[in-house]
Ligand SMILES: Cc1ncc(COP(=O)(O)O)c(C=O)c1O
């Protein structure tokens, strides 16, 4: 069952067991966005509170779903708090590039990733998020991993300070 | 071994000899689509290799043979569900299109403000969304039959619910709960209230002997790919006088008697509802599928599935006790072989992922029944569903593979 170990890494299971920043934020000042994965019924609610200085002050995650969607949302929340929105958007691009089957196929393993997937040149540190890299080998689960990220972008687009 | 289907039945289905992730495939997703026996694959290949021509409009030999192949399949389907006449069998793309046809054509002509359509909370989206669309257009009310906690229709207030209803829409067997619904009783109640009954039989016709006349329905739809047939072909059965009175659905070739610059005359039924070149090879395949199932005997198919469902419920309960819940009625005789499982708090998508590594194919998701999922209070289930080719070894493989999901997500 080697494939499963690639998918269900320990860090990922830890975020699934102990999700970070679960809850709700008051709207406003926060913005709320909902995302659905019609394939498996996953549902993610992302609250972000962006301050006047364009820094993510607070983030909270609601909803329910599988280990991949929930751990991805938890890692995302942990990774974006306290960061300027522009940097968060670059992180989103870097993450989605890692999740792109296209770049994975072109680059084989790791290093060529920035060729096909449009990864931002000033590379982002993905940290714990690297644990989700194995998802690319399970194409139907990519949507689970990217759900919270797409929902985050929706929320950021709705904030007064882009 | 259960019942009296031939033990070597798996050999009839070429796909079932393949492996997945290095293991023999264990196919438990027939509620989504069934596998196809060689008889069906051959019938379609032979049709294309030796008969292929467009139907109805050619005087030459193979065009006549193609037409006969198609109309012969229509007669076979009519016999299979005991329709009064082959003219009552309308070929559609799938059951979804069959229901849309009724909603558009019959609904467009008969429903308006002050009317209501009554459906159940266990419907597939195919028997919900067409009514939402038409309700928004025509201004009628969409009303719901609620469920009991064990996943049956709650018919206590049926008489009150039927007030002002012109059509009742109900699935004959739930694709999530496996519940077999009391169609005859609903037909009588609907007719008593001056309403018609439409039955979504997508999960019924493949699994139980079907007699549309005895069921008492007015419209009944089913879909070829869930009953050993190909994709791209479904059936609407309706009583001839209803079809005669209904306006056409799609317009084009085949469905006309005459076309002038100022209008057209529709064809006779069933052709009135079959615009354009039909999926002839798929119709031939469906004909072969009903012959195959008739050869097995639908009584025996049902018997096999009841005893296999009983074995599955027993095995899962012995192995997993309260850790594993199967939604829907507990008695095998009251349900079909659809096992929607909740396994501890492991997410269904993770369950199916782990099972896949063992070659076990089950479906995780909302199964196109979101109102029902909300009613059950779950976002998704992992669903194993049985058919003629499944046996106890498949259930044992499912039960074994579940153990790894339990280990991986144990905390
Ligand atoms: C009860 C029920 N109705 C309708 C459908 C839709 O079938 P199709 O997609 O072939 O139209 C299905 C299967 O998906 C079903 O199980």
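The values are calculated or read from the model by the stated rules, or taken from the named source; none is laboratory data. Quick caveat, the model's predicted, so the values are computed rather than measured. Glycine also receives a Cβ, built like all others from the backbone with ideal geometry; neighbour counts cover every protein chain displayed.
Overview of values
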{"quantity": "Boolean, residue A:20 is closer than 28 Å to residue B:350 by Cα, more than 13 Å from chain B (Cβ to nearest Cβ) and part of a loop (DSSP other than H, G, I, E, B)", "calculated": "yes"}
{"quantity": "Condition met for residue A:67 (facing chain B (nearest Cβ under 9 Å), within 24 Å of residue B:363 (Cα to Cα) and crowded, with 19+ Cβ neighbours inside 10 Å)", "calculated": "yes"}
{"quantity": "Unique residue being part of a helix (DSSP H, G or I) and modelled with pLDDT under 90 when the list is A:68, A:106", "calculated": "A:106"}
{"quantity": "Qualifying residue in the range B:41-63 (condition: at pLDDT 95 or above and within 16 Å of the ligand (Cβ to nearest atom))", "calculated": "no"}
{"quantity": "Those helices (runs of 4 or more DSSP H) lying entirely in the range B:306-411 with at least 3 residues more than 11 Å from every other protein chain (Cβ to nearest Cβ) and within 16 Å of the ligand (Cβ to nearest atom)", "calculated": "B:370-376"}
{"quantity": "Matching residues, the range B:128-157, being farther than 24 Å from residue B:330 by Cβ, part of a loop (DSSP other than H, G, I, E, B) and touching a strand residue (DSSP E or B) at 6+ places or on another chain (Cβ under 7 Å)", "calculated": "B:128, B:140"}
{"quantity": "Criterion: in contact with a helix residue (DSSP H, G or I) (Cβ under 8 Å, 6 or more places away or on another chain) and within 20 Å of residue B:328 (Cα to Cα) - qualifying residue of B:165, B:176", "calculated": "B:176"}
{"quantity": "Residue within the range A:54-64 that is facing chain B (nearest Cβ under 10 Å) and either closer than 18 Å to residue A:146 by Cβ or part of a helix (DSSP H, G or I) (or both) present", "calculated": "yes"}
